[in-house]
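Asks: Encoded as structure tokens, here's the structure I'll be asking about.
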Amino acid sequence: MSRVAVTGAAGFIGSSLFERFRIEGADMLAIVHRPILLQGEGIHWDMLAEGRLEKELRMGLRGTEVCMHLAGKAHALSERAEDEAEYFTVNTEGTRRLLEAARDAGVRRFVFFSSVKAADADTPYARSKREAERLVLEGGYVPEPVVIRPAMVYGPTTKGNLPRMIRAVARGWFPPVPDAGRRAMVHVDDVVEAAWLAATRPEAVGKTYVVADGEAYTTRRIHAWICEALGRPAPRFSVPLPALRGMARIGDAIGRIRGRRFMFDSDVLDKLVGDEWYDGAMIRRELGFAPARNLRDALPGIIEY
């Protein structure tokens, strides 16, 4: 491919993706919210400011073969009422505006980075992603649309749930929860590899792929592995699930009284012991995706970072 555009090129995943495609020899275009230094051409585009900079976006996309769309409003642990409108403004309408610019510029392949949460679409964030997927796959904007749904992405970063968990475990603040609830995860390097396949393989056109490393993780096991990487013993006991549920209900009540969520409530408990397992067999079967990393082996490097 001669020219590749990446929205969110300054982000955790986007920066790794940008560098991979640059090394492969593509002429790179970074579409970013604020000016940054990257080895390639850059365009400033504010997804919240509809109507502004659209002409520059269309002109910048001319000659682009592949557009990788990663920019968006990420899922917030404590969602506020005003978040719902912004999710749809950024994740859905922002994607529509980018698709229109890509169509007008003659972009051939459009790879949209969605989320595994779009499979259930049971929150405002998930619904905004599902609607954006529908625009990509069914809107007729580009001839070769592809959607990938990464599971929880881990790697060398200071942001996100895993770094927060590492800090809490290191300080002795993380409760030893029961070994319950499978969850899917994937290393950032494997996400980049999946994106390369989605951008280059003809079989990917029109498809939606879950991207996960195939391991079934639980919070309890992750807790033990973090302790292992920190060189300390893992707790031998766990707080009983009924006690955690009681604490969560108290947190729910406190949140209702004060008008904002408490630090531990039913939603937090569900994230700790609930089931968030997603099967990534389809991309392995159809595109030959083979995850090369797993969380336990990656944790020492993540902690060092």
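Asks: I'd like the residue in segment 1-39 that is over 22 Å from Leu197 (Cα atoms) and open to solvent by 20 Å² or more (accessible area, probe 1.4 Å) and, out of all such residues, is modelled with the highest pLDDT.
Replies: Here the answer is His33.
Asks: Please find, among Ala126, Ala85, the residue that is of a type in the set (A, V, I, L, M, F, W, C), closer than 23 Å to Thr219 by Cα, at pLDDT below 95 and not in a loop (DSSP other than H, G, I, E, B).
Replies: Step by step, each of Ala126, Ala85 is checked, and only Ala126 is of a type in the set (A, V, I, L, M, F, W, C), closer than 23 Å to Thr219 by Cα, at pLDDT below 95 and not in a loop (DSSP other than H, G, I, E, B).
Asks: If I ask for residues that are in contact with a Ser or Thr (Cβ under 8 Å, 6 or more places away or on another chain) and either surrounded by fewer than 20 Cβ atoms within 10 Å (Cβ to Cβ) or over 14 Å from Lys73 (Cβ atoms) (or both), which ones from segment 131-144 would you list?
Replies: Scanning segment 131-144 gives Glu131, Glu133, Leu135, Val136, Leu137.
Asks: Still on this model: Show the residue pairs meeting these rules: Cβ distance below 7 Å; 6+ apart or different chains; first residue within segment 160-186 and of a type in the set (Lys, Arg); second residue surrounded by fewer than 17 Cβ atoms within 10 Å (Cβ to Cβ).
Replies: Going by the 7 Å Cβ cut-off, the qualifying pairs are Arg182/Ala216; Arg182/Asp275; Arg182/Trp277; Arg183/Trp277.
Asks: Exactly one condition in (1) out of contact with any strand residue (DSSP E or B) (no Cβ under 7 Å at 6 or more places or on another chain); (2) open to solvent by less than 60 Å² (accessible area, probe 1.4 Å) is false for Arg103; which is it?
Replies: (2)
Each row is one residue, and each column tells you yes or no for (1) under 19 Å from Arg20 (Cβ atoms); (2) out of contact with any helix residue (DSSP H, G or I) (no Cβ under 7 Å at 6 or more places or on another chain); (3) aliphatic (A, V, I, L, M).
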residue	(1), (2), (3)
Val177	no, no, yes
Val188	yes, no, yes
Trp196	yes, no, no
Ala199	yes, yes, yes
Glu203	no, no, no
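Asks: Just name the residue that is most open to solvent (accessible area, probe 1.4 Å) out of those in segment 282-305 that are under 19 Å from Ile166 (Cα atoms) and free of Cβ contacts under 8 Å to residues at least 24 places away in the same chain.
Replies: Ranking the candidates gives Glu304 first.
Asks: Select, from Arg245, Arg220, the only residue that is touching a residue at least 24 places away in the same chain (Cβ under 8 Å), outside any loop (DSSP other than H, G, I, E, B) and touching an Asp or Glu at 6+ places or on another chain (Cβ under 9 Å).
Replies: Arg220
Asks: Follow-up question, since we're still on this one. Among the numbered criteria (1) touching a helix residue (DSSP H, G or I) at 6+ places or on another chain (Cβ under 7 Å); (2) assigned to a loop (DSSP other than H, G, I, E, B), which single criterion is violated by Val239?
Replies: (1)
The values are calculated or read from the model by the stated rules, or taken from the named source; none is laboratory data. Because the structure is a prediction, the values reported are computed rather than measured. Every residue, glycine as well, gets a Cβ built from its backbone with ideal geometry; the counts of neighbours run over all protein chains shown. Ligands, DNA and RNA are stripped out before the accessible areas are found, and what is left, the full protein with its side chains, is counted by its heavy atoms. Shrake-Rupley method; radii C 1.70, N 1.55, O 1.52, S 1.80 Å.
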